[in-house]
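Here the structure comes first, spelled out in structure tokens, and everything after it is commentary.
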Amino acid sequence: MIIDVLNKKIQEMKSLRRLEMLRDHRAQQEATDNKYRSLVAQVQVFSNALRYASDNLSFVLSDSLQSNVSDLFVSLKAITQSGFTDKDGVATAENNIKAIQSGIKKEWGKHYSIYTASTVNTLKVISGIEFDKVETCILDIKAAEIWSGDIEVLTKLRAAMSSAEALIKSLNMDQETIGFLAQMTAGKATLLDLNEKVLMWIKRESLEGKIRLSFINK
């Protein structure tokens, strides 16, 4: 009698244990599934950003980084091939995504400097002529200096670069004029830097009242 009761209790405990293990496994699997979906969403976001940057901002990843991105896509598909989301595969993919994003930031930083330097320098030169427009352009350009994968930031960069180029073009400046304005912005311009071309440009743009002359204190 006692043995029967004990056997029944043991079976009940085993059944309870199996249910607990199934519950724990289900919770773990759900957490892994959620993590996988989050990683796929991250990859989708930075893939869209990379595509936009490539199409509109002349940004092209290095061959090695492109290869890493392609391998990541393959590995993400493989994670669910068994019908369940593989926990170890998710962990590996997460590390790979972090490494890829770090690589993108480095390559974008180099590209950004080359892509924007000339335009930003010229904007600074003409800031005394069109301050508000120049400030808006520079702020939107600077906002994209560090890669975030945010398409809105990249869109504003593209628009700011286009606006800046249109603004610079509208001033009809040649290199001599740009050189004079650069010297003036740096506080180094003298009457010796003025020539007939620069004077004609100043008059044509009606900038006589915006340029001040002063003596050099030695």
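Please treat every number below as a calculation from the coordinates, not as lab data. What you are looking at is a predicted structure, and each value in this text was computed from that prediction instead of being measured.
Bridgeable aspartates and glutamates around Lys106 (alpha carbons under 18 Å apart, same-chain partners fewer than 8 residues away excluded): Asp63, Glu145, Asp150.
Please give the Cα centre distance for region 154-174 versus region 60-128, rounded to the nearest Å. Taking the Cα centre of region 60-128 as reference, the centre of region 154-174 is 27 Å away. Phi-derived couplings, Karplus 6.51 cos²θ - 1.76 cosθ + 1.60 at θ = phi - 60°, listed residue by residue for region 190-205: 10, 4, 5, 7, 7, 10, 4, 4, 5, 5, 4, 5, 4, 5, 5, 8 Hz, with x used for Gly and Pro.
The eigenvalues of the Cα gyration tensor, multiplied by 5 and square-rooted, give region 2-171 an equivalent ellipsoid with semi-axes of 56, 16, 10 Å from largest to smallest. Each residue of region 151-165 is assigned a 3J(HN,Hα), and the resulting list reads 5, 4, 5, 5, 5, 5, 4, 4, 5, 5, 5, 5, 5, 5, 5 Hz, derived from the Karplus form 6.51 cos²θ - 1.76 cosθ + 1.60 (θ = phi - 60°), x at Gly and Pro. For region 41-54, putting each phi into the Karplus relation 6.51 cos²θ - 1.76 cosθ + 1.60 with θ = phi - 60° gives couplings of 5, 4, 5, 4, 5, 6, 5, 5, 5, 5, 5, 5, 5, 5 Hz, in residue order, rounded to whole numbers and with x for Gly and Pro.
Over 23 Å apart at the Cα level, from the set Lys124/Lys156; Lys35/Lys110; Lys105/Lys142; Lys110/Lys188; Lys77/Lys105, are Lys35/Lys110; Lys110/Lys188; Lys77/Lys105.
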